[in-house]
Amino acid sequence: QKIQIAVIVGSLRRDSFNQKLATALARLAPPEFELKRLEIGDLPLYNQDDDANQAEPVKRLKAEIAASQGLIFVTPEYNRSMPGVLKNAIDHASRPYGQSAWAGKPAGVIGVSVGAIGTALAQQHLRNVLAYLDVPTLGQPEAFIQAKDGLFDADGGIGADSRKFVQGWMDRYVAFVGQHQG
Ligand code: FNR
């Protein structure tokens, strides 16, 4: 039985750098880890009226999170925060009150943007939300990746300049998940 990690990507864009980063990350995980991308693009806009009758995509999302032993958030920065689609997914899976799917799942937070301080503020906002949801997050190393030529190699892996850093991040995340295994 592999250790299941749910990967939540904060961009729905077809050619998203963050989607590409999530794909590349999956290759850096050890064989006993299985990284699974969760779909968040088909979730309705969160409406508290529906808490007692959650839509099928919401139920699916919550079941996938419940079945995982860890989380990786791969997010761009939109206007110095996390994208609404990501916050929408987080809000959905936190409800109904008392039935959050998130609590206790060890999380890694990483992201890529075109900006020079790429995703630092989005990640900080996300960390605040995760702290409230009782999701422990890997503090170090921080991973603020700037999209530039060569970030990904021709094969879709992490390019030579960043590979060691991103592998180091993954290794620390894997150890962090290990610390949280009951
Ligand atoms: C952005 N972008 C951006 N970049 C950044 O570093 N800080 C920011 O605050 C913002 N704000 C922002 C708002 C909105 C609405 C958009 C659409 C974009 C640029 C962003 O980094 C760039 O579009 C990335 O390519 C988005 O990530 P994906 O979609 O490639 O994963």
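Within the bounds of the range 106-129, is there any residue that is modelled with pLDDT of 95 or more, over 24 Å from Ala24 (Cα atoms) and in contact with a strand residue (DSSP E or B) (Cβ under 7 Å, 6 or more places away or on another chain)?
Initial filter on the range 106-129 (modelled with pLDDT of 95 or more): 106-113, 119-129.
Filter once more, keeping what is over 24 Å from Ala24 (Cα atoms): 125, 128-129.
Now restrict to residues that are in contact with a strand residue (DSSP E or B) (Cβ under 7 Å, 6 or more places away or on another chain): 125.
Checking the range 106-129: at least one residue is modelled with pLDDT of 95 or more, over 24 Å from Ala24 (Cα atoms) and in contact with a strand residue (DSSP E or B) (Cβ under 7 Å, 6 or more places away or on another chain).
Which members of the range 55-100 meet the condition of being closer than 25 Å to Gln181 by Cα, surrounded by fewer than 22 Cβ atoms within 10 Å (Cβ to Cβ) and within 16 Å of the ligand (Cβ to nearest atom)?
none
Considering only residues that are in a loop (DSSP other than H, G, I, E, B), crowded, with 16+ Cβ neighbours inside 10 Å and without any contact (Cβ under 8 Å) to a residue 60 or more places away in the chain, which ones fall in the range 116-135? I'd like the intermediate steps shown before the answer.
Taking the range 116-135 as the starting set, the residues that turn out to be in a loop (DSSP other than H, G, I, E, B) are 116-119, 133-135.
With the extra rule that they be crowded, with 16+ Cβ neighbours inside 10 Å, the set shrinks to 118-119, 133, 135.
The answer is Gly118, Thr119, Leu133.
Would you be able to tell me the number of residues in the range 64-86 that are among the aliphatic types (A, V, I, L, M) and assigned to a loop (DSSP other than H, G, I, E, B)?
As a first pass, look at the range 64-86 and keep what is among the aliphatic types (A, V, I, L, M): 65-67, 71-72, 74, 82, 85-86.
Right, trim to assigned to a loop (DSSP other than H, G, I, E, B) and you get 67, 82.
Matching residues across the range 64-86 total 2.
Of everything in the range 101-147, what is of a type in the set (Ser, Thr, Tyr) and within 8 Å of the ligand (Cβ to nearest atom)? Give them in sequence order.
Within the range 101-147, the subset of a type in the set (Ser, Thr, Tyr) is 113, 119, 132, 137.
Matches in the range 101-147: Ser113, Thr119.
Would you mind telling me which numbered condition in (1) outside any strand (DSSP E or B); (2) under 11 Å from the mean Cα position of the chain (by Cα) Leu61 fails?
Just one mismatch for Leu61, condition (2).
When residues of the range 1-39 are filtered for being free of Cβ contacts under 8 Å to residues at least 60 places away in the same chain, within 13 Å of the ligand (Cβ to nearest atom) and in a loop (DSSP other than H, G, I, E, B), how many remain?
3
The values are calculated or read from the model by the stated rules, or taken from the named source; none is laboratory data. Owing to the predicted nature of the structure, the values given are computational and were not obtained by experimental measurement. Positions of Cβ are backbone-derived with ideal geometry, glycine not excepted, and every protein chain shown enters the neighbour counts.
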